[in-house]
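Some notes on the structure that comes next.
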Amino acid sequence: MNQRWPEGRCADPDAARARYEADTSAARRSAREALRADLPAAHLGLAVTVIACLLVGAAWSPAAAWAVAGAFAALFTLVLTTRLVTGKGIRPAVRTAHTATFGWANWI
């Protein structure tokens, strides 16, 4: 099979694979770092959610506030159930569910 390499005819496929894997690993590492959420941000997200539910309930109707709260509760329950099924302990599962559900406040 005749392959065309950017380095020319004398290219080393193993070196190219190593460069590709290193670049992919670096890109994934930077994406993980950019999307990482921590516990204080999750607490802030929970506070913003509670305030938003109160404002929605006051401005529109209590049913709308319950819909917003229910959506977050459903997401929390889904993440918590997933973590418990995978065999993690209860405390780490609750922490992960809390961070995954409300950690978006890291970006506000």
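Name the one entry in Ala52, Ala15, Ala31 that is modelled with pLDDT under 90 and under 26 Å from the mean Cα position of the chain (by Cα).
Checking each option against the conditions leaves just Ala31.
In the stretch 32-51, which residue that is of a type in the set (A, V, I, L, M, F, W, C) and open to solvent by less than 40 Å² (accessible area, probe 1.4 Å) is farthest from Val68 (Cα to Cα)?
Going through the qualifying residues, I end up with Ala37.
If I filter the stretch 78-101 for residues that are in contact (Cβ under 8 Å) with a residue 24 or more places away in the chain and in contact with a Leu (Cβ under 6 Å, 6 or more places away or on another chain), do I get at least one hit?
For the stretch 78-101, residues in contact (Cβ under 8 Å) with a residue 24 or more places away in the chain and in contact with a Leu (Cβ under 6 Å, 6 or more places away or on another chain): present.
Would you mind stating whether Phe76 is in contact with a His (Cβ under 9 Å, 6 or more places away or on another chain) and modelled with pLDDT of 95 or more?
In short, yes.
Select from the stretch 78-108 the residues that are surrounded by 11 or more Cβ atoms within 10 Å (Cβ to Cβ) and of a type in the set (D, E, K, R) and write down the one among them that is farthest from the chain's Cα centre (by Cα).
Lys88
The values are calculated or read from the model by the stated rules, or taken from the named source; none is laboratory data. Please read all numbers here as calculations on a predicted model, not as lab measurements. So basically every Cβ, Gly included, is an ideal-geometry build from the backbone, and we count neighbours across all protein chains shown. Areas reflect the complete protein model, heavy atoms only, side chains present, ligands, DNA and RNA absent. Shrake-Rupley method; radii C 1.70, N 1.55, O 1.52, S 1.80 Å.
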